[in-house]
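No value in this document is a laboratory result; all are computed from the given coordinates. Predicted model, so just to flag it, every value in this text is computed and none were measured. No Cβ is skipped: glycine too gets one built from the backbone with ideal geometry, and neighbour counts run over all protein chains shown.
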């Protein structure tokens, strides 16, 4: 069965934690139109503070996307890997994997925060949004509401 993966990654620093910059960051999309001929590759969209949160699109090998995808019994098991674990903001526990049936898709969001080991640099943050569909989808599929939504974002203070 066809599996479609879109990985949206947004980077920012304390500069975008308030005011106009935060409004721009918060207005970034969580889904994009899929490119044609994606095949077995993943659609990667990167947005960062340095470039005014302008989307930069590319294609990457699926194994580069930090998500475990397993097909069994007519369903797709989806569970993002936490990479790196020390960057996770505090949260109670991780939710279980999602099982998708053909025609369904999930939007899963995870955020991270970091500071340099010596405290020389300021805090930096990123948000990963994984849009994953099981079965064929239209190019605009990830612009709509997902079948399943998992919000695993924690406080970034």
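Miscellaneous remarks
- Mean-square fluctuations from a GNM of the chain, with a 10 angstrom spring cutoff on Cα atoms, peak among 76, 38, 127 at 38.
- Ranked list, fewest to most other Cβ atoms within 10 Å of each Cβ, for 147, 54, 4, 10: 54, 147, 4, 10
- Relative contact order of the chain: 30 percent, from C-alpha pairs under 8 Å at least 6 residues apart in sequence.
- Sorting 3, 132 from the fewest to the most surrounding beta carbons within 10 angstrom yields 3, 132.
- Here the translational diffusion coefficient of region 1-62 follows from Stokes-Einstein with Rh set to the Kirkwood radius across Cα pairs; for 4 °C and 1.567 mPa s it amounts to 102 µm²/s.
- Pair residue 60, residue 1: separation of 7 Å Cα→Cβ label points (nm): 2.5 nm
- Cubic angstrom per residue, convex hull over Cα atoms of the chain: 119 Å³
- Fluctuation leader among 31, 135, 74 - the chain, Gaussian network, Cα springs under 10 angstrom: 74
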